[in-house]
Every structure is written in structure tokens, then in C-alpha cells.
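*Asks:* First the structure, which I've put down as C-alpha cells, then a few questions once you've had a look.
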Amino acid sequence: MGCTIMHDIQCLQRANALLAQAHSHAAMADLVRAAVARNDQWRGQQCINLVAAESPTSPSVRALLSSEVGTRASGGHIGRDNRFFSGMKNIDELESLCVELLKTTLRVRHADHRLLGGMAAVLAAYTALARPGDNVMTVPVIRGGDTSNRTNGPPGVRGLKVWDIPFVHKTADIDLNRFSEVAQALKPAVIGLGMTLTLFPLPVADIKGIVSPWGGKVYFDAAHQLGLISAGLFQDPLAEGADLMTGSSGKTFSGPQGGVMVWNDDALTAPVHEAIFPTLTGSHQINRVAALAVAATEMLAYGPAYMKQVVSNAQALARHLDLRGVTAFYRDQGYTRTHQIVIDSKPFASGREAVQRLEAANIIANEMPLPWDANPYKETGIRLGTVEVTRLGMKEREMAWIAEQIAKVLLHREDPMAVANGVIDFMKNHRTVYFCHENGLPR
Ligand SMILES: *Cc1c(COP(=O)(O)O)cnc(C)c1O
């Protein structure tokens, strides 16, 4: 997004001043705990969180993140003779459970659990699939792409030459004719389909057909869509011909933050494993792995019902916003087939300004560049996601109420503090995390 590239020096100076006033090291620790507690109270209990990249975790996933296994070093591959350290028999068992659960959840032949984030997974993917100097084609940021698949992200680090996948203006469609022309000329080693603004499926099978004559690989970065894909509610990229897929485990998949990688082709197993270890990952945080394994069981049990409601809620939120005069884009295409929608920040000058106004009303979202924005660093879209509100038990009726609050802030310029008070009251009735073994389905 249109952020600067450095920390805000004033934030660091404020922290420095607080630490200087603390009269003991224990008091310094209290400062840290107090910031965590304030966030828990505000973001965790008093805000409507519509950030599309987040999900609340179940009680057992959260508990496992502080388990003893998280203190164990874990470098290497599963198995007694494949580890750097001894004493790993229980950890081999729990990591194997995680891999097998991921394979089942995502209906694939191979899965890996050691990626520390969706971003780390992207770097491992380009490391396994391409050599420095290779051409790759990816989605430009202005079309919903993500820096994780561009020159200033992992492909750049790997020394790859990044070219744009052509799009049709004003729809979210890839221009397959122009794509074919450009691809024939460049013979890219990898087509990277990674989108942070993801509303509709992509033509994976067509793309694979175009690039397979020269052995081009199709890599689908399902950072956002992993939960939808596991639940069968979005296209299944590997089944449609993609060679490799990665995803974030803390977005729609609703587990701990981290990364996942899956593939079917046995020939990819060696390069993928080598890229992950020893090249890019040391200890891979076994507490996170345990939490990921349990999150996979939640997706097996509740994923289809959960993700279906997520998509219905996104469509309902868009419809209710449109009805109230806040433009939700792509109406002709039904607004969305995912957990995301994108709305217009007008009459505010920029998405950033509108999002900050919503934040003052305890409604949390983020700005997004749109294909028709003249200046990609002054985005005019706002992306909203319905994963968190759905896991907290909300349905179409609550989407109407949320749309009303957004309209009050964006269109009617009501005092955001007054709206925030209503939001705080509303959230008192939405504290339970559903679609998990503890709490089952919402009523
Ligand atoms: C969020 C995102 C990532 C990064 O995932 P993290 O889990 O946040 O590291 C990578 N690619 C795309 C397309 C994303 O949207």
C-alpha cells in the first residue's frame, strides 16, 4: 500500500522515553504487557475487524501457541536420521500429523508446514521453481497483485526478471490473448498468480495450457484463499493444473499466522524440500506447527459451513453498502466470490483518509489501489473482509447493521466517536469464536 519504507521515528522515541521512566526491568516488561492488554481490549473486544488478512483463532489454537514444544529447536526434515538434534520423537509425530492433515484438508499428495509466513512460502516457491535470470510473469499491484510476487519482493531477491500479466481494464479478468502473446515471447519459467485483492477465480487451466509447451510452471499464491480452497468454495488451483500452491495459514485458513506449501508432482518434492531446508528455514516454530495441525482439523470439521457463510456475508455486506449509497465495485459480477469486497472511499480524498476515519469509529479495514487509480500511491479503494465477523457468529442481518455504520461514517459524516460507542455495545454480543471444536456452529 502507499506506506513509507521506514519506522516512524517518533514512535520509537516515545517508547524510548517510556523505558527511560520505568524504574525496573520488571516495569519495562509491564509496559509490554500493558500494550498487549490494551490491544486485546480494543481490537479484540471493541472493534469490528474487517481486515481481510486476519482471522480470530480458536481457544485451542491460541493455547498451543504458548506450549512447551515452542521452545524446541527443530531444524531439518521429519525423521530420526534427518534432524540436527536428538530428542525429537514426539515432535516427529506431531509434525507428521500436521503434514498428513494438511494433505487431507487440501486434497493433495504433498504438503509442507515449515514456512514461517505466507511471504516465506513465496520465497521458497520462487527458489524451488526458478533460477536467477529467469523470466517470471505476475499480477501488477494495481490489478490486485501483491509486492510478494514483484521485483521488490521475493522474485527480486531470487534475481528473477518480473513482467506484468496483462489484464482487461475495469474487470478483474486476465487478458488471455495478450497474455499468450507476451508469454510466447518471454517464455517465462514461472507464472505467479498472487493476488492480495482477490474477488474472482483466475483462468489457471488456460494459463497452464499456454506455458506448458516450454515447461513453464504455474505457481498459485493462495495466501488469502487457502481456507476457501480447502473448504471447496473457490477454484482448486492444483486440480486445475497449477504446479505449486502456497498460502498463509492465518488468513481465511483461520489458524496461527504462518505459511503452507502444497504440490502433487513427485518431481517437485526434492527442490521444494531443499529450498525450505537447509536454504530458507532453520527452526520452524513447532508450537505454530501444532496449532496449524489443530486448525486443519477445524477446517475439516467446519470449513465448508464456515467459508460458505464468509462468502455470503461478503456478498451481503456489499449489497447493503450499495443500497445505502456506498459504492461496492463489481456489482455486475455479484461483487465477489471470496471473503473480500472492495468499496469506494469517495467522498473522501483517499482510501487512507477514509480508513483512518473508520478506525476512529472502531471499524478496521485497509485501503487498496484500484485499476483506474491515476496514482497507485493514492489509492481510492477500501478492502473489507468478512472472515473475523463470520467466525464471531455474524450473519447477513449483522452485515446490514455494519453497512449502516460504515455509511454513517463515510457518507453522512457522523461523529466517528458516536459510531464507535454503538460498535462497542454491538461487539459485547459477539465474543465467542465459532467453527471450532470447543464451540461448534453459531446458533
Ligand atoms: C498476505 C499475502 C502474502 C504474505 O503472507 P503472510 O502470511 O502475511 O506472510 C503473500 N502473498 C499474498 C498474495 C498475500 O496477500
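*Asks:* Leaving out ligands and nucleic acids, and using a 1.4 Å probe, what accessible area per residue does the chain come to in Å²? Walk me through the numbers before you get to the answer.
*Replies:* On the way: 19320 Å² over 443 residues.
I get 44 Å² per residue for this part.
*Asks:* Continuing with this model, one more query. Using a probe of 1.4 angstrom, how much of the accessible area of region 303-428 is carbon and sulfur, in percent?
*Replies:* On the way: 2410 of 4880 Å².
Carbon and sulfur: 49 percent of the exposed surface of region 303-428.
*Asks:* Could you work out the relative contact order of the chain? I mean the mean sequence separation of Cα pairs under 8 Å and 6+ apart, divided by the number of residues, in percent. The partial results should precede the final answer.
*Replies:* Details: 872 pairs, mean separation 95.3, N = 443.
Reported relative contact order: 22 percent.
*Asks:* Another question, if that's okay. Quick one: what are the phi-derived ³J(HN,Hα) couplings along region 207-223, Karplus 6.51/-1.76/1.60 with θ = phi - 60°, whole Hz, x for glycine and proline?
*Replies:* 5, 4, x, 6, 8, 5, x, 9, x, x, 9, 9, 10, 9, 8, 8, 3
*Asks:* Additional query: Projecting each Cα onto the charge dipole of the chain (Lys/Arg +1, Asp/Glu -1 at the beta carbon, about the Cα centre), which of Q46, M245, L441 comes out farthest on the positive side?
*Replies:* The one lying farthest along the dipole's positive direction is Q46.
*Asks:* Long-range amide H contacts for L441: which residues qualify at under 5 Å (H placed 1.01 Å from N, peptide plane, sequence gap of 5 or more or a different chain)?
*Replies:* Here F435 satisfy the definition.
*Asks:* Quick one: grab Rg to one decimal and Dmax as a whole number for the chain, Cα atoms only, in Å.
*Replies:* Reported Rg and Dmax, both Å: 22.1, 68.
*Asks:* May I pose another question? Counting other Cβ atoms within 10 Å, which trypsin sites (Lys or Arg not before Pro) in region 364-398 have at most 15 and lie in a DSSP loop?
*Replies:* Details: sites: K378, R383, R391, K395, R397; in loops: K378, K395.
Listed in order of number, the matching sites are K378, K395.
*Asks:* Between T104 and H7, what length in nm is gained on full extension when 0.36 nm per residue of separation is reduced by their alpha carbon distance?
*Replies:* Values: separation 97, 0.36 × 97 = 34.92 nm, distance 4.12 nm.
Result for the pair: 30.8 nm of gain on full extension.
*Asks:* Calculate what fraction, in whole %, of the accessible area of region 60-296 sits on carbon and sulfur atoms when a 1.4 Å probe is rolled over the protein chains. Spell out each step's value before the answer.
*Replies:* Details: 4820 of 9000 Å².
C and S fraction of accessible area: 54 percent.
*Asks:* Can you give the helix-only mean residue ellipticity at 222 nm for the chain, where every DSSP H stretch with n ≥ 4 adds -39500 (n - 2.57) and the sum goes over all residues, rounded to the nearest 500 deg cm²/dmol? Present the calculation step by step, with values, prior to reporting the outcome.
*Replies:* Values: 15 runs with 180 residues, N = 443.
Using -39500 (n - 2.57) per qualifying helix, the result is -12500 deg cm²/dmol.
*Asks:* In addition: Taking springs between alpha-carbon atoms closer than 10 angstrom, which of G227, G258, G87 fluctuates most in the Gaussian network model of the chain?
*Replies:* Most flexible of the set in this elastic network: G87.
*Asks:* Springs between alpha-carbon atoms under 10 Å, Gaussian network over the chain: tell me which of N177, N287, N149 tops the mean-square fluctuations.
*Replies:* N177
*Asks:* Could I ask something else about it? What is the set of long-range amide H partners of N135 at a cut-off below 5 Å, with H atoms built 1.01 Å from backbone N?
*Replies:* K161, A189
*Asks:* Residues of region 114-152 with amide nitrogen under 16 Å from the 7 Å Cα-to-Cβ point of W214?
*Replies:* Once the point is set 7 Å along Cα→Cβ of W214, 130-138 turn out to lie under 16 Å by backbone N, inside region 114-152.
*Asks:* So, one more: Enumerate the calculated ³J(HN,Hα) couplings along region 259-266 in order (Karplus 6.51 cos²θ - 1.76 cosθ + 1.60, θ = phi - 60°), each rounded to whole Hz, writing x wherever the residue is Gly or Pro.
*Replies:* Couplings: x, 9, 9, 9, 7, 10, 6, 4 Hz.
*Asks:* Between R431 and A35, what is the label-to-label distance in nm when each label sits 7 Å out along the Cα-to-Cβ direction?
*Replies:* 2.6
*Asks:* Counting every Cα pair in region 1-141, what percent are over 20 Å apart?
*Replies:* On the way: 7122 of 9870 pairs.
The share of Cα pairs beyond 20 Å in region 1-141 comes to 72 percent.
*Asks:* Continuing with this model, one more query. How high is the FRET efficiency between D81 and N264 when r is their beta carbon distance and R₀ equals 22 Å, given to the nearest 0.05? Working shown, then result.
*Replies:* Values: r = 26 Å, r/R0 = 1.20.
It comes to 0.25.
*Asks:* Going through region 365-443, which chymotrypsin sites (Phe, Trp or Tyr not before Pro) have at most 13 other Cβ atoms within 10 Å and a DSSP loop state?
*Replies:* Numbers: sites: W372, Y377, W401, F426, Y434, F435; in loops: W372, Y377, Y434, F435.
Qualifying residues, ordered by number: W372, Y377.
*Asks:* Give, in nm to one decimal, the length gained when the segment between S24 and A349 is fully stretched (0.36 nm per residue of separation minus the Cα-Cα distance).
*Replies:* Details: separation 325, 0.36 × 325 = 117.00 nm, distance 4.64 nm.
Contour length minus Cα-Cα distance gives 112.4 nm.
*Asks:* So if I take the centroid of the Cα atoms in region 1-68 and the same for region 168-208, what is the distance between those two points in Å?
*Replies:* That distance is 38 Å.
*Asks:* Counting only GluC sites (Glu not before Pro) that are in a DSSP loop and have at most 15 other C-beta atoms within 10 Å, tell me the longest site-free stretch of the chain.
*Replies:* Numbers: sites that count: E414, E438.
Here the longest segment lacking exposed loop sites spans 1-413.
*Asks:* What FRET efficiency comes out for the pair V168/R413, r = Cβ-Cβ distance, R0 = 41 Å, nearest 0.05?
*Replies:* Values: r = 36 Å, r/R0 = 0.87.
The value I calculate is 0.70.
*Asks:* In region 146-221, which trypsin sites (Lys or Arg not before Pro) are in a loop and have at most 12 other Cβ atoms within 10 Å, using DSSP for the loop call? Can you show the working numbers first?
*Replies:* On the way: sites: R150, R158, K161, K170, R178, K208, K217; in loops: R150, R158, K170.
The qualifying sites are K170.
*Asks:* Per residue of region 97-104, in order, report the coupling 6.51 cos²θ - 1.76 cosθ + 1.60 (Karplus, θ = phi - 60°) as ³J(HN,Hα) in whole Hz, putting x for Gly and Pro.
*Replies:* 4, 4, 4, 5, 5, 5, 4, 5
The values are calculated or read from the model by the stated rules, or taken from the named source; none is laboratory data. It should be emphasised that the depicted structure is a prediction, and the values quoted were computed from it without experimental measurement. All Cβ positions, even for glycine, are placed from backbone atoms using ideal geometry, and neighbour counts span all protein chains on display. Note: areas computed on protein heavy atoms with side chains; ligands, DNA, RNA excluded. Shrake-Rupley method; radii C 1.70, N 1.55, O 1.52, S 1.80 Å.
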